[in-house]
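Peer 1: The structure that follows is given in the form of C-alpha cells.
The values are calculated or read from the model by the stated rules, or taken from the named source; none is laboratory data. Given the structure is predicted, the values throughout are model-derived calculations rather than measurements. No Cβ is skipped: glycine too gets one built from the backbone with ideal geometry, and neighbour counts run over all protein chains shown. Accessible surface areas use protein heavy atoms only, side chains included; no ligands, DNA or RNA. Shrake-Rupley method; radii C 1.70, N 1.55, O 1.52, S 1.80 Å.
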Amino acid sequence: MILEQYYIECLSHASYLIGDENTGKAVVVDPRRDIDEYLSDAAKYGLTIEGVINTHFHADFVSGHLELVDATGAWIGFGEVAETDYPIRRLRDGEKISLGDVELEILSTPGHTWESISVLVRDHPGAVPAAVLTGDSLFIGDVGRPDLVNLGDGTTGDLARAMYRTVHEKLLTLPDEVAVMPAHGAGSSCGKNLSTDLTSTIGEQRATNPSVQPMSEDDFVALVTEGQPAAPSYFSVDAAMNKRIDPLLVQDRAIPESTPEQVKDELEAGTRVLDARGVDDFAAGHLRGSVNVGFDGRFAETGGMVAEVGERIVLITYPGEEQDAAVRLARIGSDEAAGYLNVDRDGVFPAELTDLIETARRTTVEELDRLLADDAVTLVDIRNPGEREFGVIPGSVPIPLAQLRTRLEQVPVGKPIVVHCAGGWRSSVAASLLRAQGFENVTDLLGGYNAWAESHVSA
C-alpha cells in the first residue's frame, strides 16, 4: 500500500494519494488545484489515478478534482447526498472501493457538512484499517465545526447533533491503532483547537481530544458551536465553486512582471495591491494604498480576507516569491493576479514610485497605555472570539480580521485608531487595509495583545 500525505502550511490543508503498488491503481483524496505533485508521485510509483474523492465541499480552498479529471480521466466521488453541476460517483455508507489488495471503505460522517464522508484504508480486504481519512469530521485535537457552510437542509444545531453521532457511533468505534489523517491542521478556520500534529490514532484522540470525551449531546452541541474563529467571506464563495464547473487552473501559468508605470496605473484604478513582504519591511516603506499580507504567514487565507475572489490583484514580493504567491491565491480561487513588482530586502522601490512611498508607524504598549488613559484613541481587536476568551484590553472594539472588510462601517472614527491582534502579524494586515480604505491616522500595536499582557502581568 502507498499512502502519501501532502500538507501545505499556508492553508493548513492535507491531501492524500492512496495506491496499490501491485495493480498500479490509485485515488487522490481532497486535492488542491495545483496537481503536479500528485501526478509526479503517481508516475514515480507507477500508479494510475483512477478516482478523486472529496470528503466534503471544501470552503477554505478550491478543490483540484476537475484539474485531475482533465489530466487523468478519473471519476469524482462525493458523499451520497452531494449535488454538483458535473458528473459524480455517489459514495454510499459502507461502500468498498478495490484498488487491488488495497481496499477503501466509505463512512458517512455528517456534521461538518451533510455530505461529509470519511475513508477507511486497508492494505487488504478484511484487515484492521491502517488509517481513516476523516476530512473535516475528526481533527487532531478537535472536531469539525458545524456552522461554516451548510449547503443542505437543517440548522447548525442539526449538523452539530449529526457530528455527535458521527464521533461516537462511527469514528470512536474504530480500533485504537487506526491512524487518524484529517484534511486540516493547526491554524485552519475549520475548527478551533486543531493540533500541530499531522497524524494521530483513534486511541490517542479518544484519550486526549477534548471534543470527543464522554458528554451529553447538548453539551457537545454547545461546545462545537461556541468560540469558533470568524469565517472569511470567501469561504461561501469557494464552497459554491466546488459544486460547479469553473475554468481550470493553468498548471504552468506565470504572472508577468509589472513596470512601475503599470503599478501606478493599477493603484489609480483601484486594483488591490497586496504587499507580501514582512511586517517590518512593510512598515519601513510601502506603496500608499497597498495592503500588507506577508508571504511568511497565512498568505492565501488572509489574502481572501482582504480581497474578493475574482478581484484584480497586483503583488509586491521579494524576488523569487511572486509565482508561488500567485499559486497560493489561486488555491482559494483568486486567479486574477495580474502582475508583480519585486522589492528586495533592502526595501528599495523603483525611483518612478518614490512619490507613492509611505511608512507605517507602530504603536508601543507604553504609548497605547497613555492614549487609553487620555481616552485619545479607538482600539480595535481583530482577534477571533475564542482568543478574546483568554483576555482583552479594556475598551477594545472586537471586529475579527476575517470580517473587517465587510464591517468597515462599524469601525469608530473621530479618534486615531490602533489595531491589535495576538502578536503583530495580523494587525499589520488590518491597519494597512483600513488605510487603503480611506481611514486616517491608523497604526497597529507592536507585539499585539501578547506584549500588552506581558507588560501588565509583570506590572
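Peer 1: Assuming 0.692 mPa s and 37 °C, estimate D for the stretch 7-163 with Stokes-Einstein, Rh taken as the Kirkwood radius over Cα pairs, in µm²/s.
Peer 2: Translational diffusion coefficient: 206 µm²/s.
Peer 1: Hey, another quick one. Calculate how large, on average over all directions, the projected area of the Cα convex hull of the stretch 369-447 is; give the answer in nm² to one decimal.
Peer 2: 4.9
Peer 1: Further question on the same structure: Taking a ≥ b ≥ c as the square roots of the Cα gyration tensor eigenvalues, with a/c under 1.5 meaning rounded and otherwise prolate when a/b beats b/c, else oblate, which class fits the stretch 1-92?
Peer 2: Here the stretch 1-92 falls in the oblate category.
Peer 1: If N is the number of residues in the stretch 47-118, what value comes out of its Cα radius of gyration divided by 2.2 N^0.38 Å?
Peer 2: Compared with the compact-globule rule of thumb, the stretch 47-118 sits at 1.09.
Peer 1: Once you have the Kirkwood Rh of the stretch 234-323 from its Cα pairs, apply Stokes-Einstein at 10 °C and 1.306 mPa s and quote D in µm²/s.
Peer 2: 109
Peer 1: Give me D for the chain in µm² s⁻¹, whole number, from Stokes-Einstein with Rh from the Kirkwood sum over alpha-carbon pairs, 37 °C and 0.692 mPa s.
Peer 2: So the translational diffusion coefficient is about 141 µm²/s.
Peer 1: Mind checking the dipole of the stretch 357-427: about its Cα centre, +1 per Lys or Arg Cβ, -1 per Asp or Glu Cβ, Debye to the nearest 20?
Peer 2: 280
Peer 1: Give me the dipole magnitude in Debye, nearest 20, for the stretch 258-351 about the Cα centre, with unit charges on the beta carbon: positive for Lys and Arg, negative for Asp and Glu.
Peer 2: Dipole about the Cα centre, nearest 20: 140 debye.
Peer 1: Using only Cα atoms, figure out Rg for the stretch 179-328 and give it as a multiple of 2.2 N^0.38 Å.
Peer 2: Taking N as the residue count of the stretch 179-328, the ratio is 1.35.
Peer 1: With Kirkwood's inverse mean 1/r over C-alpha pairs for Rh, give me the Rg to Rh ratio of the stretch 304-365, two decimals please.
Peer 2: 1.04
Peer 1: I'd like the carbon and sulfur percentage of the solvent accessible area for the stretch 95-173, probe radius 1.4 Å, heavy atoms only, ligands and nucleic acids excluded.
Peer 2: Using a 1.4 Å probe with all protein chains present, the stretch 95-173 comes out at 45 percent carbon and sulfur.
Peer 1: Next question. Considering only 131, 231, 12, whose Cα is most displaced toward the positive end of the charge dipole of the chain, charges sitting on Cβ of Lys, Arg (+1) and Asp, Glu (-1)?
Peer 2: Positive-most Cα among the choices belongs to 231.
Peer 1: Counting DSSP beta bridges with both partners in the chain, what percentage is antiparallel, nearest 5?
Peer 2: That works out to approximately 45 percent antiparallel.
Peer 1: Another question, if that's okay. Can you pull out the GluC sites (Glu not before Pro) in the stretch 335-399 whose DSSP state is coil and whose Cβ has at most 16 other Cβ atoms within 10 Å?
Peer 2: For GluC sites (Glu not before Pro) across the stretch 335-399 that sit outside H, G, I, E and B with at most 16 neighbouring Cβ atoms in 10 Å, the list reads 389.
Peer 1: Determine the dipole magnitude for the chain: charges of +1 sit on the beta-carbon of Lys and Arg, -1 on that of Asp and Glu, nothing else is charged, the reference point is the Cα centre, and the result goes in debye to the nearest 20.
Peer 2: Its charge dipole is roughly 600 debye.
Peer 1: Here's another thing I want to ask about it. Per DSSP H run of at least 4 residues, take -39500 (n - 2.57); add these up for the chain, divide by its residues and hand me the 222 nm value, nearest 500 deg cm²/dmol.
Peer 2: Taking each H run of at least 4 residues, the total per residue is -7500 deg cm²/dmol.
Peer 1: Roughly speaking, what is the centre-to-centre gap between the stretch 381-411 and the stretch 108-159 when only Cα atoms are used, to the nearest Å?
Peer 2: If you average the Cα positions of each part, the centres end up 30 Å apart.
Peer 1: Another one. Just report the Cα centroid separation between the stretch 34-85 and the stretch 300-377, whole Å.
Peer 2: Cα centres, the stretch 34-85 to the stretch 300-377: 33 Å.
Peer 1: Going by alpha carbons, how many degrees (0 to 90, nearest 10) lie between the helix axis of 156-165 and the longest principal axis of the chain?
Peer 2: So the helix axis and the longest Cα principal axis differ by about 40 degrees.
Peer 1: Now, a different point. Once you have the alpha carbon radius of gyration of the stretch 180-265, what is it after dividing by 2.2 N^0.38 Å, with N set to its residue count?
Peer 2: The value comes to 1.70.
Peer 1: Over the alpha-carbon set of the stretch 344-387, divide Rg by the Kirkwood Rh and report the Rg/Rh ratio to two decimals.
Peer 2: 1.19
Peer 1: Additional query: In the stretch 404-450, what trypsin sites (Lys or Arg not before Pro) fall in a loop by DSSP, with at most 15 other Cβ atoms inside 10 Å?
Peer 2: Of the trypsin sites (Lys or Arg not before Pro), the ones in loops of the stretch 404-450 whose Cβ has at most 15 other Cβ atoms within 10 Å are 407.
Peer 1: Determine the shape class of the stretch 162-208: with a ≥ b ≥ c the square roots of the Cα gyration tensor eigenvalues, call it rounded for a/c under 1.5, and otherwise prolate if a/b is greater than b/c, oblate otherwise.
Peer 2: Here the stretch 162-208 falls in the oblate category.
Peer 1: How large a share of the accessible area of the stretch 318-459, in percent, is made up of carbon and sulfur atoms when the probe is 1.4 Å and the other protein chains stay in place?
Peer 2: 51
Peer 1: For the stretch 84-195, report the accessible area per residue in Å² (1.4 Å probe, heavy atoms, rounded to an integer).
Peer 2: 34
Peer 1: Please list the radius of gyration and Dmax for the stretch 99-197, considering alpha-carbon atoms only, with Å as the unit.
Peer 2: Reported Rg and Dmax, both Å: 13.7, 41.
Peer 1: Another question, then. Convex hull volume of the Cα atoms in the stretch 301-427, per residue, in Å³?
Peer 2: 155
Peer 1: Given the stretch 242-368, what percent of its DSSP beta bridges are antiparallel, to the nearest 5?
Peer 2: Given both bridge residues lie in the stretch 242-368, the antiparallel proportion sits at roughly 15 percent.
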